[in-house]
Amino acid sequence: MDREIQVDEEVYAQLQEMAEPFVDSPNSVLRRLLGLSDDGASAPKAKRVVRVKRGALRPLIEDGKLTEGQSLVWKRRNHGDVFHATVLADGRLELDHDGSRHGTPSAAATGVAGYPVNGWTVWETEDGTALSTLRS
């Protein structure tokens, strides 16, 4: 029997960050975190495997387009807000205002806005270059 649970935006963003793209659902991420089997039975797994994912910006660091410690900015013109994030060595972003870390620019932007945002288009380098431009 399927049941519905409510999670806040931060929890949902973390579930998305931990998910394997095109493979996981929020439910499968939770099952993995709780040590439950994939078939729905509650038998614990014999071995716990923890995968360390590198952040989405890592390829841009490897290509020399971004650097560890570099500051990114999101200027929300309609709101009059300016947010800053720092590029980490593993390719994640750390938001300056609360220290939260995100695996993708979109997860970081969603963490700031409180609703889904395409972070590749809103985060820019200090010279005004959008991340979407850097990865194309």
How many residues does the range 79-133 contain that are crowded, with 17+ Cβ neighbours inside 10 Å and on the phi > 0 side of the Ramachandran plot? 1
Is it the case that Lys75 is farther than 25 Å from Leu15 by Cβ, touching an Asp or Glu at 6+ places or on another chain (Cβ under 9 Å) and among the charged types (D, E, K, R)? yes
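Every number here is computed from the coordinates shown, using simple stated rules; none is lab data. Not measured: the values here are computed from a predicted model. Quick reminder, even Gly has a Cβ in these numbers, built from the backbone with ideal geometry, and neighbours come from all protein chains shown.
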